[in-house]
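First up is the structure itself, then whatever we jot down about it.
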Amino acid sequence: MRILVISKYASPPAFASSSSRLFHLCSEFRKMGNSVLLITSDSNHFTNYPKTKKIYNRGLYNNVPFEWIKTLKYYKTASLLRLLSWFDFEIKLFFSPSVYRFKPEIVIVSSLSLLTILYGIYIKIRFKSFLVFEVRDIWPLTLVEEGGFSKWNPLVLMLGWVEKIGYKYSDLIVGTMPKLDLHVIKILGYSKPFHYSPLGFDPNDYEFQDIYKVNEFRSRYPEGKEIVGYAGSLGLSNGLDPFIDAIKLMSADKQLHFVILGDGDLKNVYKNKLSNCTNVTFLNRVKQSDVKYFLASCDLLYLSTNQSRIWNYGQSMNKIVEYMLSAKPILASYTGYPTMINDSNCGRYFNGNDSMVIMSEIYKIMSLGNIERERMGAKGREWMRINRTYSKLAEQYIQVINSRLNCNANISI
C-alpha cells in the first residue's frame, strides 16, 4: 500500500532530540512492505532543521522518505504565531509536489494541527484514498479545559466545526487515548470505526543502560536518602502545587529527598516556596535521551495532572511511557480513565489535590521496602515490552486498516 502520513510535528530523528511516534510507525510500515511518505514542517520549536530557502525539502532517514515544509516559526507554545504557523502549513500543503506524484491509497492525518484534516479530505476525494484521522490531542476541548477559552470563542467554534467535519468524513478514527470513541459519539451523535493506538517505544533506545550516567545523577543528591523524582514541565497544566506543598510538609523527614527535573513558568515560584527546605533538589532540563538515566536514579516517581474533562477519555502522556520503562514504582495524581499503570500494577493512581493525601500515598509505597518496590517497578517495564513496542503497534494499525478496507469493499459489492 502507498501510505501518506501528514503531521506538522512528526520530526525525523535527524532534526530532533528524540524521534516522534509517527516516524517510528512509518519505519515499521516500511518494514512491512508498504510505500510510505511522511510530510511534516520545520516550525516545531523543539527541533533543529537546517536553514534553507526552499519551501519543500526532501530527505530519507532510516529508509523513510519524508518531506519537510518550511513554515512560519514560533517560539512560545501559547502564541498567535503558533496559530499562524498552522495556516501557513495548511496552505503550503496544497502545493506539495510530492503528494501528487505519490498518489496515496491510504492517508493518515495526525493532529496537531487540527486543520490538516481538511487537506486529508481533499486528498481522499482526489485520489479516492482511505482516510485515517488520528487524534493525539482533543481540540478544541483542550482550549476550553486547559486554556480557559469560552466555548463560544470564535476560534473554539471554528476548530469545533473542523473537528466535526474530520470525524464525519474519515474512514477510520485513531486515538492515542483509549476512550476517544466516546468523545466522537458525543460530537457526531453516532459512532465511527475507531482504533486505539497509544504511545510506544523503540526497544533499541533501551538496550544499553549507562550506569555512569545514572550514578552521575545520583551523585547530585544527598547520600543515604530515598529519592522521590519528578521529570517534566513545571507549569499550570501540570498540577504540581499540592506536590510542592507536600514536600514542604515532609521537610523534617530525614529519609526522603525530592528531586524535580525540568523547567517551566512556575519553576522559580516553586523554588522560592521551598527555599528553606533542605529535602529538595531542582535540576534543569536535560537532553531527552538522558531523561531515562535520571529516572533510573530515583526510587519512586511522581506525576500529576489537573482535573479536566479531557482525562475522561484516557491519557496519552510520553511521561508515563518513560516512567514505566525506568522500572520504578509510579505514584500518579490523576482522576481520569485509568490505563497502563493499573494494567501493569506498577504503581497507583489517586486523587492528589490534597498535600496530606500525597504525603500519605508516598509513605505507603516507600514503606513496602526495596524488594517489593523493585518488583512493582519491574512490572511496568515488562508490560511495556509486551504491549507497547512500535513494531507491535504498527502491525495492529495496519491490521485495522486492512480490515476496514475489506469491509468497505464488501459494502461496495
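Bear in mind that the values in this text are calculations on the coordinates, not laboratory data. Being a predicted model, the structure only gives us computed values, none of them experimental. Here the Cβ is made from the backbone with ideal geometry for all residues, glycine too, and neighbour counts use every protein chain on show.
One table, with the values for the structure above:
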{"item": "Per DSSP, loop chymotrypsin sites (Phe, Trp or Tyr not before Pro) in the range 96-162 with at most 14 further Cβ within 10 Å", "result": "W152"}
{"item": "With at most 10 other Cβ atoms within 10 Å, longest stretch of the chain clear of loop GluC sites (Glu not before Pro) (DSSP)", "result": "1-206"}
{"item": "Nearby lysines by direct alpha-carbon distance to K225 (threshold 23 angstrom, same-chain neighbours under 8 apart not counted)", "result": "K213, K248, K254, K271, K273, K292, K328, K364"}
{"item": "Kyte-Doolittle mean at least -0.5 and Cα axial length at least 30 Å: DSSP H helices in the chain", "result": "390-412"}
{"item": "For G264, distant residues with modelled amide H under 5 Å away", "result": "L234"}
{"item": "Calculated FRET value between I91 and N318, using beta carbons and R₀ = 41 Å, to 0.05", "result": "0.85"}
{"item": "Among 6-15, 325-334, the order from most to least packed when residues are scored by Cβ within 10 Å on average", "result": "325-334, 6-15"}
{"item": "Built amide H within the under 5 Å cut-off of I108, gap 5+", "result": "L4, V5, I6, V132"}
{"item": "Those trypsin sites (Lys or Arg not before Pro) in the range 182-271 that DSSP places in a loop and that have at most 15 other beta carbons within 10 Å", "result": "R220, K254"}
{"item": "Shape call, the range 203-387: gyration tensor on alpha carbons, a/c limit 1.5", "result": "rounded"}
{"item": "Loop chymotrypsin sites (Phe, Trp or Tyr not before Pro), the range 205-313, which have at most 15 other Cβ atoms in a 10 Å radius of their Cβ (DSSP)", "result": "F208"}
